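For reference, the structure is listed below as structure tokens.
The values are calculated or read from the model by the stated rules, or taken from the named source; none is laboratory data. Not measured: the values here are computed from a predicted model. With ideal geometry, Cβ positions are generated from the backbone for all residues, glycine too; neighbour counts draw on all protein chains shown. The protein model used for the area step is the full one, side chains on, heavy atoms only, and it has no ligands, DNA or RNA in it. Shrake-Rupley method; radii C 1.70, N 1.55, O 1.52, S 1.80 Å.
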Amino acid sequence: MQIPFLDLRAALEESRAGLQAAFERVLARGTLILGPELAAFEADLAAYWDVDHAIGMGNGFDALRLMLQALEIGPGDEVIVPAHTCVATWLAVSASGADIAPVEVDPATFTIDPSAVEGAITPRSVAILAAHLYGLPADMPRLTDIAARHRLNLLADAAQATGARLSGQRSALVGHAAALSFYPTKNLGALGDGGAVLTDDPDLAEKAARLRNYGGLKKNEHSMKGANSRLDELQAAFLRSRLALLDGWNASRRLLAERYVERLAGRRGIALPKPSEGAESAWHLFTVRVLDGRRDALQRALLNAGIGTGVYYPKPPQLLPAYAAERHRFPPLAISETLADEVLSLPLHPHLKLAEVDVIAERIVEFLTS
């Protein structure tokens, strides 16, 4: 049996009729940029997240970058970020000109550790940028308290968390503002690239809308130094059609994650992901920690059994060449560096079968007990 790590074809086939209808609407209308499909998708997305504003962007990185720019975060400022995250979280801060202040994560939830955040605050700190990694929500209640006491912006990289909840609310993941990615592998994926900024702040929303369009809301109006990062009509139409399927897809992900937990709980040599209290993961990835230095061996064993896996991420940002010149400023980050050697993401997508999860779990148990 061959079980790929990810197979997008089944989800594309399920959404084929809606995608074709979306394509025909855009084709018939002839408006391709900043038109009614984008406006409708932004309204639907804001309603889904229970926020006041959603601003479509060309990709998830630009959503992060322009979110920071809209808040006028830049040179001289510090932004506190998790050390275990996609490098895009860090690169967006670097693009703003602000300095990165990396802190450790909770190894159980893979999300930023509020206690570490509190210890990293300096007079130059202006924001906390939490990442809801693998779909697991960060501890936003504690982060909200810290941000309020120290007058910091609480922001979120929610690229992997569309559909997650805290205390039953999706909006609880947003903070002051959050950035989304619609990269094709995400829970809500485009047929290309895309992103969005979420917020209840009308001023931030307007600035983000200006920044994505050369700094203006109208042609030849440039009140800010902006960029070109517009979610086009075709991707907006595709995403709007797929948004109607998202809760069903996420429910399937949840059942599969529960099956993994049922089959692997209590096994020595492996640690399972654990959402924080009151958190409901979007289960973008099912990422385990393989202990005792056996991650690579397990990955090879699964590959030999026809099972694909992924490592997110093999090196933490502070050890990448891109940050070599800044490494001397960073504190010791042993937890994130250990996680990079332990994490292994198992197959998880809405059309994976429970029987396939059982096979994967069996192969893992065989390895752990060998």
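Observations on the model:
- Total lysine pairs whose alpha carbons fall under 19 Å of each other in the chain (8 or more apart, or interchain): 4
- Ordered from highest to lowest accessible area with the whole protein assembly present and a 1.4 Å probe, 370, 115, 336 read as 370, 115, 336.
- Of the listed residues 5, 286, the order by accessible area with a 1.4 Å probe, largest first, is 5, 286.
- Amide H contacts of residue 125 (H built 1.01 Å from N, under 5 Å, at least 5 apart or other chain): 78
- Diffusion coefficient, µm² s⁻¹, Stokes-Einstein with Kirkwood Rh over alpha-carbon pairs of the stretch 217-370 at 37 °C and 0.692 mPa s: 175 µm²/s
- Placing a label point 7 Å from the Cα of residue 12 along the Cα-to-Cβ direction, the residues of the stretch 232-258 whose backbone N falls under 16 Å from that point are 235, 238-239, 242.
- If R0 is 25 Å, the Cβ-Cβ spacing of residue 228 and residue 303 corresponds to a FRET efficiency of close to 0.05.
- Available extension along the chain between residue 294 and residue 203 is 27.8 nm, counting 0.36 nm per residue and deducting the alpha carbon span.
- Each of 107, 357, 47 was placed along the dipole of the chain (beta-carbon charges, centred on the mean Cα), and the one lying farthest toward the positive end is 357.
- Average accessible surface area per residue within the stretch 308-370, 1.4 Å rolling probe, Å²: 46 Å²
- Net lengthening on full extension, residue 258/residue 50 (0.36 nm per residue, minus Cα-Cα): 72.2 nm
- Carbon/sulfur fraction of accessible area - the chain, other protein chains in place, 1.4 Å, %: 52 percent
- Legend: residues 72, 356, sorted from most to least accessible area (1.4 Å probe; ligands, DNA and RNA excluded), read 72, 356.
- 41 Å tail of the calculated P(r), the chain, as % of Cα pairs: 11 percent
- If you sort the three axes of the alpha carbon gyration tensor as a ≥ b ≥ c, you get a/c of 1.5 or more for the stretch 36-97 and a/b above b/c, which makes it prolate.
- When the surface is traced with a 1.4 Å probe over the full set of protein chains, residue 31 keeps roughly 50 Å² accessible.
- Membrane-span-like helices of the chain, defined as complete DSSP H segments with a Cα extent of 18 Å or more along the helix axis and a mean Kyte hydropathy of at least -0.5, are identified as 16-29, 36-49, 233-264, 354-368.
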